[in-house]
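Sending over a structure as structure tokens; questions will come in a sec.
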Amino acid sequence: MRSIEGNLIVGDARFCVIAARFNEAIVTRLLDGAVDTLRRHGADDSQLHVVRVPGAFELPLAAREAARGRQYDGIIALGAVIRGATPHFDYVCAEAAGGLGRVSTEFGIPVAFGLLTCDTIEQAMERSGTKAGNKGVDAALAAIEMVNLLRQLNA
Ligand code: INI
């Protein structure tokens with residue numbers, strides 16, 4: 001049996017990190033985690049572009065344009081959607097998740113889903129660098145692994 005999996009070495013891969021500005025205090029922690037992870041796995045600053053968008057709803061369009069240009073090997077989408085008193089949360093989450101998934105499959109490029117979808121700010125804090133880890137770190141690791149997996153699958 002041959003097992004194929006991506007390693008966690010950045011090598012010459014280029015990454016676009018797209019981060020929402022909404023819930024800035026949380027997203028900054030995700031962004032710091034993602035950038036730190038990419039650097040620790042070998043990326044230098046010439047291999048990293050950070051793009052800011054207003055909110056999670058805008059992540060798919062920015063990801064689509066980043067993918068269309070073919071200058072990146074992987075995309076990491078970061079944001080935090082926190083439930084309020086209306087159904088707004090559900091619309092933003094559905095658009096972001098569905099849209100990012102479609103960009104990934106349509107363009108054949110890894111788009112890591114670093115979007116927190118939480119009921120409370122406390123849950124978001126826990127998942128952005130405190131007791132439940134950092135979803136930005138996880139997303140960056142997933143992107144590196146998938147870039148390397150695709151390189152093997154397409155070799
Ligand atoms: N955007 C977020 O990233 N997180 C949220 O929690 C959020 N809420 O709750 O409203 C949010 N809304 C803004 C949305 O993503 C768009 O930027 C806005 O609707 C303009 O298109």
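The values are calculated or read from the model by the stated rules, or taken from the named source; none is laboratory data. Remember, predicted model here, so these are calculated numbers, not experimental data. Positions of Cβ are generated from backbone atoms using ideal geometry, with glycine treated the same way; all protein chains shown enter the neighbour counts. Areas reflect the complete protein model, heavy atoms only, side chains present, ligands, DNA and RNA absent. Shrake-Rupley method; radii C 1.70, N 1.55, O 1.52, S 1.80 Å.
State the antiparallel share, in %, of DSSP beta bridges confined to the chain, rounding to the nearest 5. Walk me through the numbers before you get to the answer.
Numbers: 2 of 21 bridges.
Here the antiparallel bridges make up roughly 10 percent for the chain.
Where does the charge balance sit around residue 21 when Lys and Arg score +1, Asp and Glu -1, over other residues with C-beta under 12 Å from its C-beta?
-1
What nm distance separates the two modelled labels at residue 68 and residue 28, each placed 7 Å from Cα along Cα→Cβ?
If labels sit at residue 68 and residue 28, their model points lie 3.2 nm apart.
Can you give the Rg and Dmax of the range 6-146 based on its C-alpha atoms, in angstrom?
Radius of gyration, then largest Cα-Cα span, for the range 6-146: 14.0, 45 Å.
Tell me the label-point distance for the pair residue 150, residue 122, using the 7 Å Cα-to-Cβ offset, in nm and rounded to one decimal.
3.9 nm
How far is helix 24-40 tilted, in degrees, relative to the longest principal axis of the Cα atoms in the chain, given as a value from 0 to 90 rounded to the nearest 10?
10 degrees
Spin-label point model (7 Å from Cα, Cβ direction): what's the residue 52 to residue 132 distance in nm?
In this crude spin-label approximation the distance works out to 2.6 nm.
With a cut-off of at most 10 other beta carbons within 10 Å, and DSSP calling the residue loop, which trypsin sites (Lys or Arg not before Pro) in the range 41-140 qualify? Please list them.
70, 131
If you average the C-alpha positions of the range 55-71 and of the range 107-131 separately, how far apart do those two centres end up, in angstrom?
So the separation of the two Cα centres works out to 18 Å.
For the chain, take the longest principal axis of its alpha carbons; what is the angle in degrees between that and the long axis of helix 135-153, to the nearest 10 within 0 to 90?
In the chain, helix 135-153 runs at an angle near 30 degrees to the longest axis.
Could you report the range 68-155's accessible area per residue, 1.4 Å probe, as an integer in Å²?
I get 51 Å² per residue for the range 68-155.
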